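Let me begin by presenting the structure, written as structure tokens, before commenting on it.
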Amino acid sequence: MFSRLATRPLATRPLARTLATPTKQWDRGMKVLAILYRGGEAARQEPRLLGTVENELGLRSWLESQGHEFIVSDSKEGPNSDLHKHITDAEVVITTPFHPGYLTRDLIDKAKNLKVCVTAGVGSDHVDLNAAVERKIQVLEVTGSNVTSVAEHVVMSILLLVRNFVPAHEMIERGDWQVSDVARNAFDLEGKVVGTIGAGRIGYRVLERLMPFDTKEHLYYDYNSLPAEAEKKVRARRVEDLKALVSQCDVVTVNCPLHEGTRNLVNADLLKHFKKGAWLVNTARGAICDKDAVAAALKSGQLSGYAGDVWNVQPAPKDHVWRTMKNALGGGNGMVPHYSGTTLDAQARYAAGTRSILENYLKGKPQEPANIIVGIGKYETKAYGQR
Ligand code: NAI
């Protein structure tokens, strides 16, 4: 794997900028607030569901044994929520992209004691990063913790769309058997052109995993180009214009972070440039794709299918059009709740990574450079837009 880490001069970053020290001495106690999803009975039965309110990322006894206060809740919306109530004096906020505590500029203004936001997972767009830069609040994530989990999900989603899997399974459940009804819209992935918007850790791993399928060509769109050797390894060709990329692809997969430059990137105008009947997979962030434009493209046949696990507000409202949209043949929908990056394997990694970030913070040790999205007063990552 040619990791982006190997291609960036991270070691040359000034160390001082990556260090935040606790307001208080570590042994005098601070308030840590975690906004996690409620796991219910499943979390009580399965302790490896670490990212839940019930299992608290495995942090409670460790934090409390050091005299810290640890508030864990799933309540995050509105002025009476635990997020709004406890943000006023929390020093550290932990949340996951699966049930994100949205740290808007307004909320950051109220967070007078806040020094560190930790994303237990990957993707920190739920924090107003520009406000964090201005307030000198660090934003850290457990980089790499679930990138393989997501890449596997992307490959699965591409296959289930191209092969028309969901309607075929639904037919069997209904007790029907009409092969032609599903075979009429089923294809092989072999020989198809696949393009990724974003060729970082996940995008690159998707291309790696597609190699045995004998796809025709791999294209990528990213302002950070891959090293030539890495391109060669996955037969990837960089296309500098996004419209030119999508117009050549049978399958497009979205693997870039959500930021000002990617919000609504896949909109009605861009969808017109897709090959008619292309398949689109988005496990990056819901707001990168225009909800209604995607539904309309599926209905009109401009897209044959759309799959992914990310929604522009989470939890997605019951009437969100992506829950039920279909193509003209009654298929083409591979949507699931946001879980591709929260397999039990991934949860073990991001829980351990969260603890390691907290340990570094409490001891005043430098954080892993790759985990720093926003350092003290500046972006440290090159993945959230060209700045
Ligand atoms: P990464 O930082 O390794 O790679 C992101 C790549 O996107 C970088 O190469 C960057 O240059 C590129 N990029 C940024 N803006 C772009 C633009 N406007 N056009 C094209 N490329 C652009 O990040 P990684 O680990 O690959 O994760 C990517 C995203 O996937 C995360 O930010 C997160 O939103 C999402 N994700 C989703 C998960 C899930 O459970 N569904 C879990 C983990 C991540």
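The values are calculated or read from the model by the stated rules, or taken from the named source; none is laboratory data. Predicted model, so just to flag it, every value in this text is computed and none were measured. Here the Cβ positions follow ideal geometry from the backbone for every residue, glycine too, while neighbour counts run over all protein chains shown.
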**Prompt:** Is segment 184-200 home to any residue that is free of Cβ contacts under 8 Å to residues at least 60 places away in the same chain, within 11 Å of the ligand (Cβ to nearest atom) and part of a helix (DSSP H, G or I)?
**Reply:** no
**Request:** Collect the residues in segment 355-387 that are away from the ligand (no atom under 14 Å from the Cβ) and in a helix (DSSP H, G or I), keeping them in residue-number order.
**Result:** Arg355, Ser356, Ile357, Leu358, Glu359, Asn360, Tyr361, Leu362, Lys363
**Asked** Which of the residues spanning segment 244-260 are surrounded by 14 or more Cβ atoms within 10 Å (Cβ to Cβ), within 13 Å of the ligand (Cβ to nearest atom) and not in a strand (DSSP E or B)?
**Response** Leu245, Val246, Asn255, Cys256, Pro257, Leu258, His259
**Odd one out for Tyr350, checked against (1) part of a helix (DSSP H, G or I); (2) in the same structural domain as Ile158 (by the TED database)** = (2)
**Prompt:** Taking Ser145, is it part of a helix (DSSP H, G or I) and out of contact with any Cys (no Cβ under 6 Å at 6 or more places or on another chain)?
**Reply:** no
**Request:** Would you please name the residue that is farthest from Gly377 (Cα to Cα), looking only at residues in segment 136-150 that are in contact with a Ser or Thr (Cβ under 9 Å, 6 or more places away or on another chain) and of a type in the set (A, V, I, L, M, F, W, C)?
**Result:** Val150
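Can you give me the number of residues within segment 102-122 that are within 16 Å of the ligand (Cβ to nearest atom) and surrounded by 22 or more Cβ atoms within 10 Å (Cβ to Cβ)? Lay out the reasoning, then the answer.
From segment 102-122, those within 16 Å of the ligand (Cβ to nearest atom) are 102-103, 117-122; that's our starting set.
Then keep just the ones that are surrounded by 22 or more Cβ atoms within 10 Å (Cβ to Cβ); that gives 103, 117-122.
Looking only at that region, the number is 7.
For every residue, the table says whether it meets (1) farther than 30 Å from Tyr361 by Cβ; (2) surrounded by fewer than 20 Cβ atoms within 10 Å (Cβ to Cβ); (3) among the charged types (D, E, K, R).
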position: Thr143; (1), (2), (3): no, no, no
position: Ser157; (1), (2), (3): yes, no, no
position: Asp176; (1), (2), (3): yes, yes, yes
position: Glu190; (1), (2), (3): yes, yes, yes
position: Ala199; (1), (2), (3): yes, no, no
**Message:** Between a residue in segment 232-254 that is under 13 Å from Glu217 (Cα atoms) and any residue that is modelled with pLDDT of 95 or more and in a helix (DSSP H, G or I), which pairs come within a Cβ distance under 6 Å, given they are 6 or more apart or on different chains?
**Reply:** Val234/Leu207; Val234/Glu208; Ala236/Leu207; Val239/Leu245; Val251/Ile158; Val252/Val246
